[in-house]
Amino acid sequence: MARDPRYDILFEPVRIGPVTTKNRFYQVPHCNGMGYRDATALATMRAIKAEGGWGVVCTEQVEIHPSGDISPFIELRIWDDSDVPMLARIAEAVKAKGALAGLQLCHNLTNAANLYSREIPLGPAELPVYSPFNDPVQARAMDKQDIRNLRKWHRDAALRAKRAGFNILYAYAGKLFGGAMFFLTRRYNTRTDEYGGSLENRARLLKELIEDTKDAVGDTCAVACRISVDELLGEEGLHAAETQDIIAYLGELPDLWDLTLSGWDNDSQTSRFAEEGYQEKFQTGIKKLTSKPVVGVGRITSPDYMVKLIRSGVLDLIGSARPSIADPFIPKKIEEGRIEDIRECIGCNMCVAGDHTQVPMRCTQNPSMGEEWRRGWHPEIIRPKQSSAKVLVVGSGPAGLEAAMMLGRRGHEVILADKARELGGRLAKERKLPGLSAWGRVVDYRLGQIEKMPNIELYRESDLSTEDILGLGCDHVALAVGATWRRDGVARFHLKPIAIAPDADALTPDDIMAGARPKRRKVVIYDDEHYYMGGVLAELLVKGGHEVTLVTPAGHVSDWMRNTMEQHFVQGRLLNLGVKLITHHAVTAVGADSADVTCPFTGKTEVFGDCSTVLVTARQSSRSLFDDLNVREADWADQGLKSVSVIGDALSPGTIAAAVWSGRRYAEEMDVPKDPDAPLFRREVTRLSAGPFYWSS
Ligand code: ADP
Ligand code: SF4
């Protein structure tokens, strides 16, 4: 199909200093948990973005010097010439697919605890490092020589990046990552010399870094400046009015302005807390301050909104991190008039959690993310079928939908059956919970694709028994039948069931999602799962008129959501709603109308009376169909059945991202003979240097 002419404007070339991007789709720098450890995997991931049509594809932040080492996070490094081949591989891979390659030079200054290098961190003032782990490390106030050193490291790194083949290089002053931002914001910059005080003084280091970079590589490379427009801290932090003054002051120096919010949590807000385009009000007006192109982000997935941003003069280039992760082929799909094929980001920040846990990034919507090189998965293409096998997928949750869709793409005949009328499994229900409606895109995208494939038959309201499954005459069966929430208190804290009175009003998330509500006004939610469900149910019940106390053995409510950068937002929302939060405590027994809440440190128990209880604990995989089929393995041959597999939550309850991934894996591996001795996936093994050496007399 041809592209809709109303999107033509998105495909106009834009000049950025000495280089020109072929269109307005700009993949801004984003972390990915691969970095220097998984460089070829990273190069492949970026190349796929370029293949998907992005005009510019950037690296994540690239540390320019060991004194700006952001470990344990795994980013790229450009510390010396030995890093150049690895970086060149990325630049070459991106350019080979027709995009400009951008590299974000970065010295983290006060953000780097230097846990790996053990160098003393540097910053505008002597202050503890800004680290999510509260590392007991302080940055040293930089003297003039330190500033001269920093400028030289930046310049040397720019020259190396140019040699590696990059087209756009960054001077980074955003998100309290790009060290120059610590100089910009009065919170961190208490200097009294020419690098502190007035706005011009605080902007001096950034100005010098831009000038140095232009001077070193500006003949052939564009120099971009990434800046945070607002820290959302009011007058305390860097705020819009002040940043606009900075941009006006430096306006024509860089070849491109790249706008963000700060910190990263504000920049990459989730759909639970912000709508698409949440940065527009901060982007509006910036273009008036400079003639240079401006790029900005905001979880932008709608092509109409992209056009609006360009036409209304807010942005010149549509910046994207998460939407390009969820669907690296957005530009191609718009270009080919396939808007309905776009796999929209759901704004869950599972990708961010990959970086925060120092593993290759994963994405709920795009299971191939991080697996492009490692397992050879592509976001759009899958190996054609190697047999005429007919496959039955039981269950239409995230795992079943993904398995059926990808098997369908391979060309197999597929039957997808679910006992429910509304397809989507857990997501059919969870998408109705407060703040989670965008998560329904996982279902909508896959159903939209499945409905277009004549080789997939879809059956709703089909509760399949073992007999039914054997009678369908399929070659392979994938059971994607999900899991149920436990009602006995077992999770992390209690490994054995707790005492629950037979007449207790104790509900599980399944009960609540099925429409049940606590009988009493007061409710104790016991959250020993630590992800979103406890907080979301607290929100639901308090809005339904209940008085809610959330009890968790963890030190934070929704503790794991520190990895999605939402924990503090959840805590703020619950407190504002009047939810009482009790951390470091466990529910140890549930009475007819009470809950025992115990402090594990002191052993003291407080009895909460006149309350219902909601247990958000572990889940149990639904294995009965699998067990029955296994018992009847002798019948398989008669029915022509070759394999029965369990996937998704039915195999092991986990995240939605894990279930989608499991469905993809099934579709990839279903008919591939397994070699038990073969490695599970490719990995990059460090080349050994000479050694071992140590000094001895
Ligand atoms: P996952 O996250 O692994 O995809 P879900 O819990 O989201 O799992 O989805 C499981 C789906 O399986 C639900 O929609 C449920 O209705 C369906 N299901 C469970 N048992 C059967 C069965 N015997 N026949 C058909 N569908 C089933
Ligand atoms: Fe979007 Fe979630 Fe994928 Fe991140 S993990 S790109 S937020 S869908």
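The Stokes-Einstein estimate for the range 305-416, based on a Kirkwood radius over Cα pairs and taken at 37 °C with 0.692 mPa s viscosity, is a diffusion coefficient of 204 µm²/s. Please determine, in degrees from 0 to 90 and to the nearest 10, the orientation of helix 398-410 with respect to the longest principal axis defined by the Cα atoms of the chain, where the helix direction is its Cα long axis. The angle comes out near 80 degrees. Its Cα gyration tensor gives the range 42-154 an equivalent ellipsoid, and the semi-axes of that ellipsoid, as √(5λ) in whole Å with the largest first, are 31, 14, 11.
Assuming charge only on the beta carbon of Lys and Arg (+1) and of Asp and Glu (-1), the dipole of the range 431-497 about its Cα centre is about 700 debye to the nearest 20. Cα centroids of the range 319-335 and the range 372-393: 22 Å apart.
From helices alone, the chain scores -8500 deg cm²/dmol at 222 nm; the rule is -39500 (n - 2.57) for each run of n ≥ 4 DSSP H residues, then divide by the residue total. For the listed residue pairs LYS207/LYS332; LYS144/LYS281; LYS333/LYS452; LYS281/LYS580; LYS429/LYS674, the alpha carbons are over 28 angstrom apart in LYS207/LYS332; LYS144/LYS281; LYS281/LYS580; LYS429/LYS674. Sorting 445-452, 161-168 by average packing, meaning the other beta carbons within 10 Å per residue, from highest down gives 161-168, 445-452. Charging the Cβ of each Asp and Glu at -1 and of each Lys and Arg at +1, and nothing else, the dipole of the chain about its Cα centre rounds to 880 debye.
For the range 47-199, the residue among GLY196, GLY179, ALA96 whose Cα projects farthest onto the positive side of the dipole built from Cβ charges is ALA96. Once the Kirkwood radius over Cα pairs is known for the range 249-386, the Stokes-Einstein relation at 37 °C and 0.692 mPa s delivers a diffusion coefficient of 200 µm²/s.
The dipole here belongs to the range 257-361: it is taken about the Cα centre, uses +1 on the Cβ of Lys and Arg and -1 on the Cβ of Asp and Glu, and is about 320 debye. Here the mean projected area of the convex hull built on the C-alpha positions of the range 384-497 is 9.2 nm². Set against the 2.2 N^0.38 Å expectation for a compact globular protein, the chain has a Cα radius of gyration ratio of 1.02.
With the charge dipole of the chain set up from +1 on Lys and Arg Cβ and -1 on Asp and Glu Cβ about the Cα centre, the Cα lying farthest toward the positive end among the listed residues ALA222, GLY397, PRO5 is that of ALA222.
Principal-axis analysis of the Cα atoms of the chain puts helix 441-451 at an angle of about 70° to the longest axis.
Considering only THR598, VAL579, ILE525, the residue lying farthest towards the positive end of the dipole of the range 516-673 is VAL579, judged by Cα position with unit charges set on Cβ. Spacing of the modelled spin labels on SER198 and CYS599, each 7 Å from Cα toward Cβ, amounts to 5.6 nm. Length gained on full extension, ARG520 to VAL137: 133.0 nm, using 0.36 nm per residue less the C-alpha separation. Between 0 and 90 degrees, the angle of helix 84-96 with respect to the longest Cα principal axis of the chain falls at about 70 degrees.
Any read-out appearing in this document is the output of simple, stated calculations on the displayed coordinates, not a laboratory observation. Source: prediction; values computed, not measured. Because the Cβ atoms are built from the backbone with ideal geometry, glycine has one as well, and the counts that use them run over all protein chains shown.
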